[in-house]
Structures are given as structure tokens and as C-alpha cells.
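What follows is one structure encoded as C-alpha cells, with my remarks underneath.
The values are calculated or read from the model by the stated rules, or taken from the named source; none is laboratory data. None of these values were measured; they are calculated from a predicted model. Positions of Cβ are generated from backbone atoms using ideal geometry, with glycine treated the same way; all protein chains shown enter the neighbour counts. Accessible surface areas use protein heavy atoms only, side chains included; no ligands, DNA or RNA. Shrake-Rupley method; radii C 1.70, N 1.55, O 1.52, S 1.80 Å.
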Amino acid sequence: MTTLTLIGKPDCHLCDVASEVIDAVVADLTDAAAEQIEIVEASIQDDPALYDLWWEKIPVVLIDGQLHSHWRVSPDRLRHALEESVSSVALSDQKGSR
């Protein structure tokens, strides 16, 4: 499973745009790939540690806990990163089941 985390806050226009980009990109992936992606949304208003780390960079997108982007999300770059992550997880699962 690949975890995509969107860190933002309520009433954040760029956060709303990032969420729309994420939804569109995941919708365009194959069903098999999309099923391997868990989308988690977190608010800097609910978590002081997230606030300290990211308050001036939201929206922030993490893929499996690693920074993918902040402020603006490129659909092409996100699609490539998700496809790569899903493929590497699938390959890892295949090796583990041998």
C-alpha cells in the first residue's frame, strides 16, 4: 500500500486545489494502481508538530512519509511518483511471497 498524505488546513485555497489534483490523478490511474493508494488528509490546525514543520509550506504532499511537493502539485509529477511507488511496492510484495 502507498500512502499519500495531504497536509493543509481548512479554508486554504491552495489546499483545495491540491486535493482536486490528487483526486484527478488517482482517478486517472488504473483501478489496480488506485486501489493500492491510501489518501490521508491532515490539518496543521489539529497537530502542533505538523504546524511546526509545515505551516509556511502548505499544502504539503507526502508519499509514504517522504516530501513529494509543497505549495503547488504538478499532476504529471504526482502521477509518475504514484505509479513508481505502487510498482515498487508490488515488486517488493512479489519478492516477499517467494
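Below are the figures for this structure:
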read-out: Among (1) 13.9; (2) 15.3; (3) 13.5, the entry derived from the coordinates for Kirkwood radius over Cα pairs in Å; value: (1)
read-out: Accessible area of K57 in the full protein assembly, 1.4 Å probe (Å², nearest 10); value: 60 Å²
read-out: Simple spin-label estimate for V17 and S43 in nanometres, 7 Å along Cα-Cβ; value: 2.2 nm
read-out: Fully extended contour minus Cα-Cα distance, from E84 to L29, at 0.36 nm per residue; value: 18.6 nm
read-out: Nearest-10 value in Å² for the accessible area of D16, using the 1.4 Å probe; value: 90 Å²
